[in-house]
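In what follows, a single structure is set out as structure tokens and then discussed.
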Amino acid sequence: MINPFLKAGLLTMLVVVLALMLMSQIDSARTSELRKNIDSVVAENQANYVLMHYKQVMAEKPSELCPYLASLRQKQLDKTYSLATKIQDYERSNVLDTEYNTLKSSYFIALSDMYISAFENKKTCGLDETPMAFFYAENSNCPDCRAQDALMVKIAARCPKTRIYAFPFDSKFEPVQVIANRYGISSAPAIVINDKKTLTGLQGEESVVATLKEAGAACT
Amino acid sequence: MQLKHYDADSGQLEGAIAKKGFERSGVSIPARKGMAIAGLVILAVAVMAALLVSYQTIFLIYSIYTIFIFMAYLVLWTDGAWEEKEPKIEMKVWPHVTLIIPSFNSGHTIFKCVESCKKLEYSGTYDIMVIDDGSTDGSFEKLQGLEGIAVIRKEKNEGKSAALNSGIVRAKGEIVACIDSDTYPTPKTLEKAVKYFAEDPKVGASVLFINTTHPNNFIQAVQEIEYWISFGFFFKTVASIDGLYVTPGPMALYRKKMFEELGGFDEKNLTEDMEIALRMQRHGWKIRTCHSAVVHTEVPSTIPSLYRQRLRWFRGGIMNMLKYIDMLLNPKYGNFGLFVLPTTLGAGFFAALFMLWSIFNYGRALMNYVSPWIGKPDVAADALMLAPKIDPFLLDSAMLFGFISLVMWGYFVYKSFHISHAKMEKRHILPLLGMLYLYPIFTGLTFLSAYVHEFSARKYKW
């Protein structure tokens with residue numbers, strides 16, 4: 001008769017292998033869902049480029065493109081918002097999949113581009129938006145960032161015409177590094193309102209709202 | 001007759017036979033201090049290592065370890081542990097049995113205990129001996145009035161082991177049954193359990209199926225199920241590979257010859273029932289289990305008393321594990337050394353480690369949540385309204401492994417109910433959930449506390 005402990009060991013191995021296979025299925029299902037969303041954001045970014053290119057080369061009246069740009073922008077913003085949290089949560093609960101770095105890089109590159117094009121849009125089409133760049137720390141434990149993040153959600157709900165673009169200030173992606181360097185961000189959390197006013201350290205809801213009002217945003 | 005004195009510190013027995021026994025097994029009792037320091041160092045290194053890897057990795061390793069242990073139990077169970085192997089022996093002569101009941105201020109339970117001992121249905125003869133360990137609650141005087149029992153008074157309170165030893169010395173029976181004063185055997189107990197001694201002269205003890213009395217509150221209801229599982233399923237399975245590491249204190253039957261050879265109970269031990277079982281294992285005596293002999297015992301009804309009881313068990317476990325450390329992972333002792341000791345007494349070490357690490361992790365998470373608001377009144381007012389975000393649908397992939405061991409545990413529970421002939425009822429649902437979610441936390445914390453107590457060599461208060 002086979003040794004019961006050997007039998008148990010073999011059975012355990014079998015169960016573990018099966019569970020790992022199932023686990024990788026769950027992980028990759030999550031990844032593919034994210035990939036689909038991020039891919040569409042990237043595609044919309046490219047559509048945006050095509051429109052800008054058209055404007056430079058062929059457009060007689062640039063303002064005729066504004067409705068198209070605005071609709072593209074709206075599509076993207078609806079998605080990116082939920083994507084940011086999803087990437088973070090999935091990354092944490094994920095065990096086997098290693099695709100998150102690639103996904104993150106496309107996400108942050110797309111986000112940087114959206115942040116920059118917000119200002120261009122303001123110039124050419126008079127986009128009514130107050131962009132807020134919110135910098136958090138990715139590579140170090142930052143309790144204040146998490147606290148600030150929770151407050152930012154509340155602030156965005158009070159000021160409908162503001163948009164939050166959340167970047168890790170210590171990111172390894174070049175476009176994000178360029179933006180962080182522009183404002184000289186060296187610690188997190190930090191908020192830059194409308195490319196001008198920089199707030200560093202954990203900020204209360206009221207002080208951020210007051211700064212937003214100064215910058216001309218409509219808040220309740 | 002005089003019992004050989006068993007010296008707890010040196011692990012030495014008086015007399016030639018005993019010494020020979022010890023030499024045969026090559027015992028060397030390690031110095032406790034050295035072992036304690038080694039244990040602490042291992043614990044510290046393990047915690048440091050654990051902090052370097054992610055939550056999932058630790059959870060995964062711990063889960064796989066659990067799955068292996070459960071799987072081993074499952075295989076042993078299906079391989080034959082499930083059978084009730086009653087010895088098929090025609091008993092020509094039933095040995096005389098002496099029931100020894102140590103009693104210390106147990107006026108509220110001892111009479112019921114004596115009563116149920118008198119009602120035992122046994123084909124042979126038996127006598128009841130109550131050893132009063134210097135009671136001051138008047139139970140001794142009342143006991144003297146009872147018929148059919150011998151009451152022996154010790155003026156000085158010396159603890160349960162000493163009381164039992166003084167009873168064993170006087171016992172007339174070939175078989176000695178040690179019964180706690182808060183334990184009530186069912187009538188068939190002796191008849192069923194004594195048969196096991198006739199099977200093999202090397203059977204030194206016969207262990208019974210310990211159940212709780214009918215539970216009065218939630219804490220006892222949890223223990224009711226816990227006793228079914230641990231003394232039911234797990235004991236039955238461990239016994240099938242001759243691996244019992246404890247002869248439960250509430251009631252167990254011993255062969256008197258075993259005590260004559262190995263000495264009496266260790267009077268300096270917190271869990272003398274575990275110590276004698278380990279000593280029997282080391283010297284090749286067998287321990288049998290009899291699940292048709294049911295014994296009911298009183299269990300703690302409050303968390304503090306449960307904590308004190310478990311602290312004593314776990315400290316005793318650590319103490320005895322260190323004392324018999326040479327048996328751990330020693331192939332000479334077969335399945336007992338290689339599987340039973342590491343997965344039962346040794347598992348406490350992992351439980352404490354996992355607990356320590358969890359406390360650290362949850363503490364850090366809590367600090368991360370709280371620290372930003374400290375000293376910032378304007379922000380804190382807002383923050384209090386923001387609860388930490390938890391998505392119940394976002395399951396950790398590693399949880400899958402926890403789920404597998406949960407399913408296996410469910411099967412063990414089902415089998416335990418089967419062994420104890422208990423029907424699963426509505427009243428069992430909450431205690432089962434309590435056992436699933438609160439018990440690991442309670443046990444882990446108590447184990448941790450036991451380690452701290454034992455390593456700081458704090459004196460035990462009974």
Cleavage-rule hits (GluC sites (Glu not before Pro)) in the stretch A:152-220: DSSP loop, at most 10 neighbouring Cβ within 10 angstrom
none
If a paramagnetic tag sat 7 Å from the Cα of B:PHE234 along the Cα-Cβ line, which residues of the stretch B:165-189 would have the backbone N under 14 Å from that point?
none
Top to bottom by accessible area (1.4 Å), largest first, where do B:TRP357, B:TRP94 land?
B:TRP94, B:TRP357
Could you work out the longest stretch of chain A that avoids the trypsin sites (Lys or Arg not before Pro) located in DSSP loops with at most 15 other Cβ atoms within 10 Å?
A:1-160
Three-way shape call for the stretch B:202-255 based on the alpha-carbon gyration tensor, with the a/c threshold at 1.5:
oblate
Förster radius 30 Å - calculated FRET efficiency between B:TYR65 and B:ALA38, Cβ distance, rounded to 0.05:
0.90
Low-density loop trypsin sites (Lys or Arg not before Pro), the stretch B:218-281, at most 16 other Cβ within 10 Å, DSSP non-H/G/I/E/B, are B:LYS268
About the Cα centre of the stretch A:129-207, how large is the charge dipole given +1 on each Lys and Arg Cβ and -1 on each Asp and Glu Cβ? Please answer in debye to the nearest 20.
220 debye
Give a quick list of GluC sites (Glu not before Pro) in the stretch B:104-192 that DSSP marks as loop, anything other than H, G, I, E or B, with at most 13 other Cβ atoms within 10 Å.
B:GLU121, B:GLU147, B:GLU155
Top to bottom by accessible area (1.4 Å), largest first, where do B:ARG288, B:ARG364 land?
B:ARG364, B:ARG288
Of B:THR66, B:THR271, which has the most accessible area with a 1.4 Å probe, and how do the rest follow in descending order?
B:THR66, B:THR271
If the label point is 7 Å along Cα→Cβ of B:LEU366, which residues in the stretch B:396-439 have backbone nitrogen under 19 Å from it?
B:437-439
Listed by chain and number, the residues whose amide H is under 5 Å from that of B:GLY134, excluding neighbours fewer than 5 places away on the same chain and using placed H, are B:LYS154
For the protein assembly as shown, which cysteines have no second Cys with its Cβ under 4.7 Å from theirs?
B:CYS113, B:CYS117, B:CYS178, B:CYS290
With the 1.4 Å probe rolled over protein heavy atoms, the protein assembly as shown has an accessible area per residue in Å² of 48 Å²
One finds, for B:ILE303 and B:SER123 with R0 = 60 angstrom and r their Cβ-Cβ distance, a FRET efficiency to the nearest 0.05 of 0.85
Quick check: from the Cα gyration tensor, does the stretch B:157-243 come out rounded (a/c under 1.5), prolate or oblate?
oblate
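State which entries of A:LYS75/A:LYS123; B:LYS286/B:LYS323; A:LYS104/A:LYS196 exceed 25 angstrom in Cα-Cα distance in the structure shown. Don't skip to the answer; put the middle values down first.
Details: A:LYS75/A:LYS123 20 Å; B:LYS286/B:LYS323 20 Å; A:LYS104/A:LYS196 27 Å.
Pairs exceeding the cut-off: A:LYS104/A:LYS196.
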So the pair-distance distribution of the protein assembly as shown, from every Cα-Cα distance in 20 Å bins, comes to percents of 15, 38, 23, 17, 7, 1
Any idea what the dipole of the protein assembly as shown comes to, in debye rounded to 20, about its Cα centre with Lys/Arg Cβ at +1 and Asp/Glu Cβ at -1?
600 debye
Two-decimal Rg/Rh of the stretch B:69-146 from alpha-carbon positions, Kirkwood Rh?
1.21
Under 5 Å from the placed amide H of A:THR162, counting only residues 5+ away or on other chains, we find A:THR130
Links that overshoot a 25 Å alpha carbon limit, given the list B:LYS236/B:LYS423; B:LYS85/B:LYS268; B:LYS119/B:LYS156; A:LYS55/A:LYS197:
B:LYS85/B:LYS268; B:LYS119/B:LYS156; A:LYS55/A:LYS197
Amide H to amide H under 5 Å from A:TYR136: which residues, 5+ apart in sequence or cross-chain, H placed 1.01 Å off N in plane?
A:PHE167, A:PHE169
Ignoring ligands, DNA and RNA and using a 1.4 Å probe, state the total buried accessible area between A and B in Å², rounded to the nearest 100.
2800 Å²
Among A:THR85, A:CYS159, A:GLN148, pick out the residue whose Cα is farthest towards the positive end of the charge dipole of the stretch A:32-161, where Lys and Arg carry +1 and Asp and Glu carry -1 on C-beta, about the Cα centre.
A:CYS159
Estimate the FRET efficiency between B:GLN144 and B:LEU432 by the formula 1/(1 + (r/R0)^6), using the beta-carbon distance for r and 35 Å for R0, to the nearest 0.05.
0.20
Given a 1.4 Å probe and the protein chains all in place, what does the accessible area of B:VAL169 round to, in Å² to the nearest 10?
40 Å²
Quick one: which bits of the stretch B:395-442 get at least 20 Å² less accessible when the partner protein chains are in, versus the chain alone, with a 1.4 Å probe?
B:LEU395, B:SER397, B:LEU400, B:PHE401, B:ILE404
Furthest towards positive pole of dipole, B:GLY434, B:TYR369, B:SER103, structure part the protein assembly as shown, Cβ charges:
B:SER103
If N is the number of residues in chain A, what value comes out of its Cα radius of gyration divided by 2.2 N^0.38 Å?
1.29
Local electrostatic count, A:SER24, Cβ distance below 12 Å [Lys/Arg +1, Asp/Glu -1]:
-2
Over all alpha-carbon pairs of the stretch B:164-212, lay out the pair-distance distribution in 10 Å bins, whole %, shortest bin first.
20, 52, 27, 1
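The values are calculated or read from the model by the stated rules, or taken from the named source; none is laboratory data. Remember, predicted model here, so these are calculated numbers, not experimental data. FYI the Cβ positions are ideal-geometry reconstructions off the backbone, even for glycines, and counts take in every protein chain you see. We work out accessible area using only protein heavy atoms, side chains counted, and drop any ligands, DNA or RNA first. Shrake-Rupley method; radii C 1.70, N 1.55, O 1.52, S 1.80 Å.
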